[in-house]
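Below is one structure, written out as structure tokens; comments come after it.
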Amino acid sequence: MTWVLLGALVLAEIAYPLVRDRAPLVIATVVLGFAVSVVHAVTSRGLRTGTALVAVTAGGGLLVELLGVHTGVPFGRYAYGTALGPRLSGVPLVIPLAWTWMAWPAWLAAGVLVQRPGPRVALAGLGLAAWDLFLDPQMVAAGYWHWTDPHPALPGVPTVPLTNYLGWLVVATLMMAALARIAPGRRPGDAPMLALYLWTFGSAVLAHAVFLRLPASAFWGGLAMGAVAIPLAVKLCSGR
């Protein structure tokens, strides 16, 4: 089932640059990504782990998004538009699901590279936060959300403030610290999630550089997410 859902997710992401009305596809993609990660967590580690994953990442993601929208902490002052469906106090309900979608593969990818809990939490936090170097520039360019004052910003990405990326790193690391308590270790059946992490990295670099005409976010996202994805690919290919 996990591989089937992953295949559907890949097809949805391939379609994204090719369609005009992208908002429904964004929602479908996030729901599929959420389903892939939760189904894998449940089938590989049990219902308790899957439930805890949702509570930590989707529940925690909702809380931090509500805090961010209403206070500007920790991401800077930003607001969502109406295109992404029903909202709760200004936050589209689909948004917290995106935290779950990539938190789980980031956690498992880090576990391939390091085993000690502290370094694994730090690397997994980086692995999740790095994804946002693709996500936010893409979604802001599409008009789904915006920052009131996106400065200072990375060179070439003037629409997203540096405070956002720092906020992501803090929140992602806290989430990984929680996951370390509920899902330690590795399992032989983690291949779909490792494939998801590598696919997300490679497809995002290609999409931003070629199809979405966002070369700066292709560079920054590729640099940051590549710090996890490239060693992961090398280790998997070496069979270690």
Determine the sum of side-chain charges near Trp168: Lys and Arg each +1, Asp and Glu each -1, restricted to other residues whose C-beta is under 12 angstrom from that of Trp168.
-3
For region 126-240, with the dipole built from +1 on Lys and Arg beta-carbon atoms and -1 on Asp and Glu ones, taken about the Cα centre, which of Ala229, Phe134, Val170 lies farthest toward the positive end?
Ala229
Between region 85-119 and region 157-175, the Cα center-to-center distance that results, in Å:
13
Listed residues Pro117, Ala195, Tyr80: farthest to the positive end of the dipole of the chain (Cβ charges)
Pro117
What size of dipole, in debye to the nearest 20, comes out for region 114-240 about its Cα centre when the only charges are +1 on Lys and Arg C-beta atoms and -1 on Asp and Glu C-beta atoms?
620
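Just to verify a number: FRET efficiency for Gln115 and Arg20, C-beta to C-beta distance, R0 = 51 Å, to 0.05?
Values: r = 47 Å, r/R0 = 0.91.
Here the calculated transfer efficiency is 0.65.
Taking the Cα centre of the chain as origin and charging only Cβ (+1 Lys, Arg; -1 Asp, Glu), how large is the dipole, in debye to the nearest 20? Write out the running numbers ahead of the final one.
Numbers: 14 positive and 7 negative charges, 130 e Å.
With only Lys, Arg, Asp and Glu charged at Cβ, the dipole is about 620 debye.
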For the chain, what is the accessible area per residue in Å², given a 1.4 Å probe and the full set of protein chains?
44
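Within region 1-142, what whole-number % of the accessible surface is contributed by carbon and sulfur, with the 1.4 Å probe and all protein chains included in the calculation? Don't skip to the answer; put the middle values down first.
Working: 4010 of 5680 Å².
Summing carbon and sulfur atoms, their accessible area is 71 percent of the total for region 1-142.
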Any chance you could give the angle, 0 to 90 degrees and rounded to 10, that helix 2-15 forms with the longest Cα principal axis of the chain?
30
Rounded to the nearest 20 debye, dipole of region 1-101 from Cβ charges on Lys, Arg, Asp, Glu
100
At 222 nm, what value in deg cm²/dmol follows for the chain if DSSP H runs of at least 4 each add -39500 (n - 2.57) and the sum is divided by all its residues, to the nearest 500?
-22500 deg cm²/dmol
Can you match Cα extents along the principal axes in Å to one of these, (i) 71, 36, 35; (ii) 55, 42, 32; (iii) 44, 35, 32, based on a calculation from the structure here?
(iii)
Students often get this wrong: which residues of region 25-66 have the backbone nitrogen under 18 Å from the point 7 angstrom along Cα-to-C-beta of Ala8?
25-44
Students often check this: by mean Cβ neighbours within 10 Å, which of 206-217, 94-105 ranks highest, and how do the rest follow?
94-105, 206-217
Loop-located trypsin sites (Lys or Arg not before Pro) in region 9-47 whose Cβ has at most 13 other Cβ within 10 Å (DSSP)
Arg20
In what sequence, highest mean first, do 173-179, 140-146, 129-135 appear when ranked by Cβ atoms within 10 angstrom?
129-135, 173-179, 140-146
Simple spin-label estimate for Val31 and Cys237 in nanometres, 7 Å along Cα-Cβ:
3.7
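The values are calculated or read from the model by the stated rules, or taken from the named source; none is laboratory data. Since the structure is predicted, the reported quantities are computational estimates derived from the model, not experimental observations. When we count neighbours, we look across all protein chains shown, and the Cβ atoms used for this are built from the backbone with ideal geometry, even at glycine. SASA here: full protein model, heavy atoms, side chains in, ligands and nucleic acids out. Shrake-Rupley method; radii C 1.70, N 1.55, O 1.52, S 1.80 Å.
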